[in-house]
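First comes the structure, then the notes that go with it.
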Amino acid sequence: MEKIKIVFMGTPEFGLPTLEKLVEVCDVVGVVCQPDKPSNRGAVNISKIKKFALNNNIRVFQPVNIKEEHADILKLDPDMIITCAYGQIIPKEILTYPKYGCINIHASLLPKLRGGAPIHRAIIEGHKESGITIMKMEQKMDAGDIIVQEKIPILDEDTAGTLHDKLSILARDTMIKTIPIIVSGNYTLTKQNESEVTYGFNITREDEHIDFHKTTREIVNRIRGLNPYPGSYSLLAGKIVKLWSAKYGNNYYSEALCGQVTRLYEDGIGIKTENGEVIITELQLEGKRKMSASEFINGVVNKDKLVGKIFE
């Protein structure tokens with residue numbers, strides 16, 4: 001493959017496998033990522049993308065506003081710009097500069113789940129498959145013409161974390177095999193069907209709350225879709241309880257209230273839902289470490305007083 005000059009634009013760890021491989025097969029002349037952010041303890045969080053670039057003597061740019069601070073990036077004269085969850089709208093001056101175009105990697109099967117949290121939303125919404133879309137960029141969010149897509153199934157045991165890792169590898173492999181196709185010009189662009197567009201908006205604090213008036217499937221999917229970050233939660237006796245994993249229960253308690261603890265199992269806490277029962281198998285009390293439900297039942301709470309309590 002022709003060793004073309006590439007500028008990589010991305011911030012989250014999701015893009016790291018792609019960047020690592022690009023360095024092997026292309027001439028990566030620059031990396032653009034979001035400015036460093038302070039951590040809760042006052043230190044500065046440096047992304048793994050930036051650390052990798054610096055360790056490989058690649059120039060790093062961190063514009064606060066890419067629309068106004070892109071002249072030095074274009075001075076690198078890239079043949080192609082590849083973006084992957086960069087986090088800012090790319091201006092026209094960048095989009096139209098490289099001779100092989102500005103190419104975006106998106107972690108969904110567009111036009112489904114445009115936006116910043118497609119992996120979380122795919123699981124929360126109960127999708128059976130996800131994938132990677134490689135597309136030409138335009139200024140409208142995730143709306144460019146599609147070059148190629150690759151699909152993978154979403155398994156019942158997948159969480160946002162496991163799906164993230166699978167898709168990051170799929171993104172790497174798909175992007176690397178697509179670069180020669182783009183360079184050759186031997187490909188056909190497919191326009192997105194605007195009537196089929198859905199959105200994977202960023203997760204809000206409201207999204208993290210578990211409402212036990214929902215169905216068991218909706219609750220399990222939400223807990224999976226928010227694990228390991230940012231996590232879902234409910235309130236028990238006014239205190240926040242993080243809910244990390246759950247499974248389907250087989251019982252239905254017609255007289256119980258939604259959110260009420262109905263039964264304690266060896267491996268979980270049975271809670272009434274709109275249409276049945278969900279069994280919480282891993283959780284975390286406010287100010288405590290994450291633990292299995294059995295550990296929670298046997299060592300943290302009074303068993304006799306837990307049954308009948310309400311998660312709300």
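The values are calculated or read from the model by the stated rules, or taken from the named source; none is laboratory data. The model shown is predicted, which means the values in this text are computed figures rather than measured ones. Here Cβ is always computed from backbone atoms with ideal geometry, including for glycine, and neighbour counts include all displayed protein chains.
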Within region 62-95, how many residues are under 21 Å from Gly116 (Cβ atoms) and either aromatic (Phe, Trp, Tyr) or outside any loop (DSSP other than H, G, I, E, B) (or both)?
-> 7
With respect to Lys51, determine if the residue is assigned to a helix (DSSP H, G or I), within 27 Å of Pro91 (Cβ to Cβ) and basic (Lys, Arg).
-> yes
Single residue of region 257-269 satisfying the filter (over 25 Å from Glu206 (Cβ atoms) and either within 24 Å of the chain's Cα centre (by Cα) or not in a strand (DSSP E or B) (or both)) that is modelled with the highest pLDDT = Gly268
Scanning for something of a type in the set (Ser, Thr, Tyr), assigned to a strand (DSSP E or B), surrounded by fewer than 19 Cβ atoms within 10 Å (Cβ to Cβ) and at pLDDT 95 or above, does region 240-248 turn up at least one residue?
-> yes
When residues of region 153-165 are limited to those that are buried (at least 16 other Cβ atoms within 10 Å of the Cβ) and over 11 Å from the mean Cα position of the chain (by Cα), the one nearest to Gly126 (Cα to Cα) = Ile154
Under 6 Å between Cβ atoms, at least 6 apart or on separate chains: pull out the pairs that start in region 106-135 with a residue that is closer than 21 Å to Arg222 by Cβ and end on any residue that is of a type in the set (Ser, Thr, Tyr) and not in a loop (DSSP other than H, G, I, E, B).
-> Arg114/Tyr199; Gly115/Tyr199; Ala122/Ser130
Could you tell me which residue of region 216-239 is modelled with the lowest pLDDT, considering only residues that are part of a loop (DSSP other than H, G, I, E, B) and surrounded by fewer than 14 Cβ atoms within 10 Å (Cβ to Cβ)?
-> Ala237
Could we say that Tyr97 is closer than 26 Å to Cys26 by Cα, at pLDDT below 95 and assigned by TED's automatic domain parsing to the domain that holds Pro12 here?
-> no
Failed condition for Asn275, given (1) buried (at least 16 other Cβ atoms within 10 Å of the Cβ); (2) not in a strand (DSSP E or B), with all others met?
-> (1)
Out of curiosity, is Ile271 aliphatic (A, V, I, L, M), more than 29 Å from Leu155 (Cβ to Cβ) and touching a residue at least 40 places away in the same chain (Cβ under 8 Å)?
-> no
Being under 24 Å from Ile119 (Cα atoms), of a type in the set (Lys, Arg) and over 19 Å from the mean Cα position of the chain (by Cα) narrows Lys239, Lys214, Lys272 down to just Lys214
Looking at region 154-173, is at least one residue assigned to a helix (DSSP H, G or I), assigned by TED's automatic domain parsing to the domain that holds Ile81, among the acidic types (Asp, Glu) and modelled with pLDDT of 95 or more?
-> yes
Among residues of region 204-258, those that are of a type in the set (Gly, Ala, Ser), touching a residue at least 12 places away in the same chain (Cβ under 8 Å) and out of contact with any helix residue (DSSP H, G or I) (no Cβ under 9 Å at 6 or more places or on another chain), counted = 3
